[in-house]
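J.: Structure provided below as structure tokens; questions to follow.
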Amino acid sequence: MRAELKKVCEFWADRGVDGLRLDVVNLIAKDQDFPDDPTGDGRRFYTDGPRAHTFLREMNRDVFTPRNLMTVGEMSSTTLENCQQYAALSGDELSMTFNFHHLKVDYPNGEKWTLAKPDYVALKALFRHWQQGMHNVAWNALFWCNHDQPRIVSRFGDEGEYRVPAAKMLAMALHGMQGTPYIYQGEEIGMTNPHFTRITDYRDVESHNMFAALRAAVIICLPRYARAPPGATPTNCWLFWPVNPATTAARRCSGTTVKTPVSPRASRG
């Protein structure tokens, strides 16, 4: 498998790609005893395993460094100590890493789909922890939004009178830290959540799965769906900018017209 993955990376490098994002790359090494986990979800047996570093050093030696590729690793439930190795300034594994600890400060008891006010004290403490811990040791990838997250202006800012200053404040906070900032499409204009009222308006697999699970459990609570990201999936993650905000936008995708309602806020500057 590792040999095939190297071929995939080389395929894109041959076509001029300069950088690669490696999805949940800290989950690539399982405990080879394959233990059961009757009281958990098993992640402790495949998260940040020691062989993950071995595999990444191999990929770096054989592909990343020879091809001069920039690499960013998405890290699931990782630790600072592990990221100090993954993204070490020595460059043995990856160029930089994403972590998600700062985007869990509004998860009560770790529940992603339950709404809660953000803990801003915890947010600042987490930023300080990672900024100080990675300084002169490794490199951070900085971000607020992606295809799995709500719009940051809606989440940590304000959608009303203070939308613009809130968006500027959040951008300043991100760009003022040490690391490489990543901007998700629409973030540069202070885009907010679309607030669709029908689950069918979303094309996010995780949102649909949670909706189905809640319906199956007869726990229908519409405010929970406010976390649904704006019509996003890893392969089809676009909202559309309309000529007339009241219309339905569409684009051509693989020969099929895909229609998505436009956010009522799309006409706002």
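The values are calculated or read from the model by the stated rules, or taken from the named source; none is laboratory data. This structure is a prediction, so every number in the text was calculated from the model and none was measured. When we count neighbours, we look across all protein chains shown, and the Cβ atoms used for this are built from the backbone with ideal geometry, even at glycine.
J.: Restricting to the stretch 171-191, name every residue that is in a helix (DSSP H, G or I), free of Cβ contacts under 8 Å to residues at least 40 places away in the same chain and either in contact with a Gly (Cβ under 6 Å, 6 or more places away or on another chain) or of a type outside the set (A, V, I, L, M) (or both).
T.: Within the stretch 171-191, HIS175, GLU188 meet the criteria.
J.: I'd like the full set of residues that are out of contact with any helix residue (DSSP H, G or I) (no Cβ under 7 Å at 6 or more places or on another chain) and in a loop (DSSP other than H, G, I, E, B), limited to the stretch 192-201.
T.: Correct list: PRO194, HIS195, PHE196, THR197, ARG198.
J.: Oh, and also: Tell me, which helices (runs of 4 or more DSSP H) wholly within the stretch 1-102 include 1 or more residues that are of a type outside the set (D, E, K, R) and closer than 30 Å to LYS124 by Cα?
T.: 50-59, 80-86
J.: Something else: Among (1) modelled with pLDDT under 95; (2) surrounded by fewer than 14 Cβ atoms within 10 Å (Cβ to Cβ), where does GLY16 come up short?
T.: Condition not satisfied by GLY16: (1).
J.: Going residue by residue through the stretch 51-71, is there one that turns out to be touching a helix residue (DSSP H, G or I) at 6+ places or on another chain (Cβ under 7 Å), aromatic (Phe, Trp, Tyr) and surrounded by 16 or more Cβ atoms within 10 Å (Cβ to Cβ)?
T.: yes
J.: Scan the stretch 125-161 residue by residue and report those that are in a loop (DSSP other than H, G, I, E, B), more than 20 Å from the chain's Cα centre (by Cα) and either closer than 17 Å to PHE100 by Cβ or modelled with pLDDT under 95 (or both).
T.: Hits for the stretch 125-161: nothing passes.
J.: Which members of the stretch 37-50 meet the condition of being touching a helix residue (DSSP H, G or I) at 6+ places or on another chain (Cβ under 9 Å) and of a type outside the set (D, E, K, R)?
T.: TYR46, THR47, GLY49
J.: Looking only at residues in the stretch 1-13 that are without any contact (Cβ under 8 Å) to a residue 12 or more places away in the chain and of a type in the set (A, V, I, L, M), which one is surrounded by the most Cβ atoms within 10 Å (Cβ to Cβ)?
T.: VAL8
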